[in-house]
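The values are calculated or read from the model by the stated rules, or taken from the named source; none is laboratory data. Quick caveat, the model's predicted, so the values are computed rather than measured. Here Cβ is always computed from backbone atoms with ideal geometry, including for glycine, and neighbour counts include all displayed protein chains.
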Amino acid sequence: MSMRIGDESARTRAESIDPLLVSNEMATPEGRSEWRRALRRFRRHLPAMLGVVLLVLMAFACFVVVRFVPSPTKLHLANVYAHPSSSHWFGTDELGRDSFSRVLHGGQISLRIALGVALLSTVVGVVIGALAGFYGGWLDGLLMRFTDLWIALPALPILALAVSIGTVDLGVFGGVDLGGPLGMTLLLSLLLWGSIARVVRGATLSLREREFVDAARAMGASNTRIITRHVLPNCLGPIVVNATLVVAEAILVETTLSFLGFGIQPPTPSWGNLLSDSIGTFEDYWWLTVFPGLAIFITVLAINFVGDGLRDAIDPRRPVRV
Amino acid sequence: MSLLEVRGLAIAFDTDAGARRAVDDVTFSIDAAERVALVGESGSGKTVTGLALLGLIDLPGRIVEGSIRFDGRELVGLTEREYRAVRGREIAMVFQDSMTALNPSLRVGDQVAEAVLVHDQAASRASASARAGELLTLVGVGGADDGGRVRDYPHQLSGGMRQRVVLAMALANRPRLLVADEPTTALDVTTQAEILALLEQLRREQDLALLFITHDLGVAAGVADRVAVMYAGRVVEEAAATELFASPRHPYTRGLLESSPRLGTVRGALAAIPGQPPGLSEIPEGCAFHPRCGFAEPRCAQTVPPLEEVSTRHTVACVRVHELPPVAS
Amino acid sequence: MRGFVARRLLVAIPVVLVATFVVFLLVSATGDPLADIRTQPATDPQTIRLLEAQYHLNDPVVERYVYWLGDFVQGDWGTSFATDRPVTDMVGEAAWNSFLLVGTTVVLSVFVALLVGIVSAVRQRSAFDYAATGFSYFGFSMPDFFFALLLQLVLVVWLREQFDVQLFYVQGKYTIGEEGNLVNLLQHMALPVATLMLTTVAAWSRYQRDSMLDVLRADYIRTARAKGVPRSRIIRHHALRNALIPFVTVVAIDTGVLLGGVVVVERIFSWPGLGLVFFTALERSDYPVVLAWTALATVFVVLCNLGADVVYGILDPRIRVGRRAAPARKSSREAGAPEVVAP
């Protein structure tokens, strides 16, 4: 899993977005109709629409339905290891807790972390990528080389090590438990910004040569203004695609860490720790393993569908339609 | 009989909005050793026409109508295997960007030798290499013996050198027709002139017919005996080069000539044609040029004007061709 | 070429230093290694002072890092707190076992991914291509710990219950008493390797397919066709040669990344490799092992990246016999097919 941090998946995908090409298509001031065309292509992308539906359902279940199910920590010792049934859709665990409720609550935590990571790592990636691309030269060389190796670092062990530090004092944030949801969000964001930085750098490099950037500069716009007002809006497409893929990465890494016991700790349920709780008994009580596992798989699959749909929509050169 | 006869050629591409014709009802012919230029803006269908001659139209594109006869033999509908014997041997093609037209990971000598080998099963590797050396010497890149660049990779050569290699490859099997698709566009002006001179010299020596595809009227005037002008997938005017430049009849050709600077002519501001050429999915009804045409009438939007002979071997596709005021020159 | 590699190496060294320093900081932040000893009432304060001095615990963290680095470079990786054995011994044994898994995975994955990727690209939009695409989605989206459990559920539990056969084992390297038995070893390796291969094959086959498609769209492929070169020769001689350059590069880089993946798999299958050593050490707060482990992993990753650069340099004539400066491989995207197509 941590390979996904090093992310050939994201790498393979991020690579296929050619920022040069995308910027040619999208980055022109007359790009508005191109966005509309991209939206139309996205709507026609069958897996992407399926992904959107699955994600909406999953979010609805984890954030709305979850309010109407029994508490995930309510014990019911007379009814342990109940098979899935109409009263307990996903069965119950060794303490008689409702597994459906635990999966939904776990999903809420995993999804929150993943979205937080996507936002934060996008910010980090955009800043680093824009700096490298816009200023170029040795700064670019240094930052991108660093990004290369940062992406390839064995992230899982390092994350596990960081989590085992426990609570740290982060000044304004106060004490943050690195194994808790906020701590996990921060740690994962620190690790997953690489692909976004690369894409932003590529787009910035090509965009800064374009006339409208020259024009802005001639009018006395500052570098910051040029980057925020002209360059970034014009590489929004690739950023969005990569941020989507970061969500998938974050879910996989977070659940893996929790599975290994270095993430969200029981009794707070998470998809990862639900699976690891079930390991000892999964030969007899398969539902405790299969449902949280499927939840992860379906969510990540849906995100990948959406990501690919977005990529194909903004990069129509790729004739690949699934 | 002409060496090449293209009749009613139509090539369609499947787009999001259905099949669209990038080339429609194109008819022209080339005699042995004749030089014809196909002129048009990008997207006018000139490159697609060139590719069609070599059977290189790939899905989502396909030839939907028409015939291409080469030396009396129908090429449309040949199998891939049959066409392979035509490519490079009967008809060869030179492409626009010499930077990308050569395989970056093969030595240029080997790439030329390959052209020899695929059409001559009997040739040995050594003899093919020797022939590649001769060809490279012929185009001025230099063979193995005279300190040439046979063993170089494409990235080690300049743009002009690479285009010479591409030319050597195209001429390896002494084809009878060379399709040159903007072969000098990517080069600087001096190199462009050198390559054009080399092309003309080799063409004379080998009795080669030439289809020269370009967007540049000036270049077309320099290399061609006859010129066909394409707009939105159709030929709108065809004539001998001298006649076309002296008395263009189609409003589009006239617009093109008025918008290109010419040496020796002192004029005021260059007149640009208003508007943009249409994309594949937005070709107008009737005469495709009418929305941009200063002489357009309501009937221009009704039917596609047929090519009509206005004088000997000078054809024009315009319903108002006889009503237009003569060109002031 | 030599300058190219030298420059890469020059950037790699600071990265190793920064990464190991960060790990050193993390480890020193996890707490006092003498905490256990201090709380034992019987401990002599003199002993504690000696230990503090021995481990430089009262020095600033930067100085301690320099001490540690000096020892590490000289091959003195310290002694495990938990087992009292030299760290080098513990890591050495485990490294061989991990290499067995990673090496097998890489070799098999390269073979399968190349085959799948090439066929998918050459027969784009065929049933095979769609099936391969579906598999890639599956591989990208499947958490490998869940996949490992499913494999166990189906290939071990279900087979045992339905047919009473035991084809695969899920714990360790050998069944006790079967040490050295190759068949037994393979039965133990099959599921961990299959789990690792899920992601690598999904990613690499996709990568090879895309890079092959990119190359097949390149102008020089059209040139070759215009020469009359047969399709089979175009694929073998023109396309594959160029599409393999980025593929090999990515494989080299991802082999470093696999080290992270192997951690999870070893834990699930109790495979006595580096991953298991790491987690055991982390749980026991065995910091010398943790430190040495992370430092090694970082060096390994950097070496794989460097290897990727070298391989790229060897395969791509534009670097091998370049008259101009090598293109900076800023990402594996740029090491990829598009750059080969349009320098």
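Things worth noting here:
- Sole residue being at pLDDT 85 or above and surrounded by fewer than 17 Cβ atoms within 10 Å (Cβ to Cβ), chosen from C:V66, C:V91: C:V66
- Against the numbered list (1) closer than 28 Å to C:V16 by Cα; (2) assigned to a helix (DSSP H, G or I); (3) out of contact with any Pro (no Cβ under 7 Å at 6 or more places or on another chain), A:V168 comes up short only at (2).
- Candidates are the residues of segment C:105-151 that are in contact (Cβ under 8 Å) with a residue 24 or more places away in the chain, under 26 Å from C:H188 (Cβ atoms) and of a type in the set (F, W, Y); the one that is farthest from the other protein chains (Cβ to nearest Cβ) is C:F135.
- Filter pass, C:F247 being within 17 Å of the chain's Cα centre (by Cα) and closer than 30 Å to B:M169 by Cβ: yes
- A:E8 vs. criteria modelled with pLDDT under 85 and away from chain C (no Cβ under 14 Å): no
- In segment A:38-84, residue surrounded by the fewest Cβ atoms within 10 Å (Cβ to Cβ) [restricted to those that are at pLDDT 80 or above and among the charged types (D, E, K, R)]: A:R67
- Subset tally (residues that are under 26 Å from B:L157 (Cβ atoms) and facing another protein chain (nearest Cβ under 8 Å)) for segment B:76-91: 3
- With respect to being within 14 Å of another protein chain (Cβ to nearest Cβ), under 30 Å from C:A252 (Cα atoms) and under 27 Å from the mean Cα position of the chain (by Cα), A:V124 falls outside the description.
- Selection from segment C:189-232 of residues that are within 14 Å of chain A (Cβ to nearest Cβ) and over 20 Å from the mean Cα position of the chain (by Cα): C:R209, C:D210, C:S211, C:M212, C:L213, C:D214, C:V215, C:L216, C:R217, C:A218
- Of all residues in segment B:107-137, those being closer than 21 Å to C:L240 by Cβ and either more than 27 Å from the chain's Cα centre (by Cα) or of a type in the set (G, A, S) (or both) number 5.
- Positions within segment A:250-285 being closer than 15 Å to A:F100 by Cβ, out of contact with any Pro (no Cβ under 7 Å at 6 or more places or on another chain) and facing chain C (nearest Cβ under 10 Å), in sequence order: A:S278
- Residue that is farthest from A:D177 (Cα to Cα) [pool: residues in segment A:247-273 that are in a helix (DSSP H, G or I) and among the small types (G, A, S)]: A:A248
- Condition met for C:E161 (within 11 Å of chain A (Cβ to nearest Cβ), surrounded by fewer than 17 Cβ atoms within 10 Å (Cβ to Cβ) and among the acidic types (D, E)): yes
- Qualifying residue in segment C:122-136 (condition: farther than 26 Å from A:S258 by Cβ, touching a Phe, Trp or Tyr at 6+ places or on another chain (Cβ under 7 Å) and not in a helix (DSSP H, G or I)): no
- The set of residues in segment A:97-153 being among the basic types (K, R) and in a helix (DSSP H, G or I) consists of A:R102, A:R112, A:R145.
- Test: residue in segment A:179-189 that is under 23 Å from C:V23 (Cα atoms) and modelled with pLDDT under 80: yes
- Residue list for segment B:84-96, filter: under 12 Å from the mean Cα position of the chain (by Cα) and in a strand (DSSP E or B): B:A92, B:M93, B:V94
- The numbered conditions (1) crowded, with 17+ Cβ neighbours inside 10 Å; (2) touching a strand residue (DSSP E or B) at 6+ places or on another chain (Cβ under 7 Å) are all true for B:A240 except (1).
- A single member of B:S129, B:S158 is surrounded by fewer than 24 Cβ atoms within 10 Å (Cβ to Cβ) and more than 13 Å from chain C (Cβ to nearest Cβ), and it is B:S129.
- Single unsatisfied condition, C:L186 versus (1) in contact (Cβ under 8 Å) with a residue 12 or more places away in the chain; (2) within 22 Å of the chain's Cα centre (by Cα): (1)
- Of all the listed residues (A:L142, A:L192), the sole one being more than 12 Å from chain C (Cβ to nearest Cβ) and not small (G, A, S) is A:L192.
- If you go through segment A:166-176 and keep only what is in contact with a helix residue (DSSP H, G or I) (Cβ under 8 Å, 6 or more places away or on another chain) and within 10 Å of chain C (Cβ to nearest Cβ), you end up with just A:V168.
- C:G75 being more than 12 Å from chain A (Cβ to nearest Cβ), exposed (fewer than 14 other Cβ atoms within 10 Å of the Cβ) and either in contact with an Asp or Glu (Cβ under 9 Å, 6 or more places away or on another chain) or not in a loop (DSSP other than H, G, I, E, B) (or both): no
- For segment A:103-113, the count of residues that are closer than 16 Å to A:A302 by Cα, β-branched (V, I, T) and at pLDDT 90 or above is zero.
- Pairing residues of segment A:147-165 that are more than 7 Å from chain C (Cβ to nearest Cβ) with residues that are outside any helix (DSSP H, G or I), at Cβ distances under 8 Å and at least 6 apart in sequence or on separate chains, gives A:T147/C:S331; A:I151/A:D7; A:L159/A:F262; A:V163/A:L178; A:V163/A:G179; A:V163/A:F262; A:V163/A:G263.
- Scanning segment A:150-165 for residues that are under 15 Å from C:A12 (Cα atoms) and surrounded by 24 or more Cβ atoms within 10 Å (Cβ to Cβ), we see that the one that is modelled with the lowest pLDDT is A:A152.
- Qualifying positions in segment B:36-83 - of a type in the set (S, T, N, Q) and either more than 18 Å from the chain's Cα centre (by Cα) or not in a strand (DSSP E or B) (or both): B:S42, B:S44, B:T47, B:T49, B:T79
- Selected residue (only one of B:L211, B:L199 is farther than 22 Å from B:G142 by Cβ and surrounded by 24 or more Cβ atoms within 10 Å (Cβ to Cβ)): B:L211
- Whenever a residue of segment B:92-119 is facing chain C (nearest Cβ under 7 Å), its partners that are among the β-branched types (V, I, T) and assigned to a helix (DSSP H, G or I), lying with C-beta atoms within less than 6 angstrom and at least six residues away or across chains, give the pairs B:A101/B:V166; B:A101/C:T223; B:P104/C:V340.
- Complete set of residues in segment A:210-224 that are in contact (Cβ under 8 Å) with a residue 12 or more places away in the chain and part of a helix (DSSP H, G or I): A:F212, A:V213, A:A216, A:N223
- Across segment A:107-142, the qualifying residues are those that are touching a Gly at 6+ places or on another chain (Cβ under 8 Å) and farther than 16 Å from A:P238 by Cβ, and the one among them that is surrounded by the most Cβ atoms within 10 Å (Cβ to Cβ) is A:S110.
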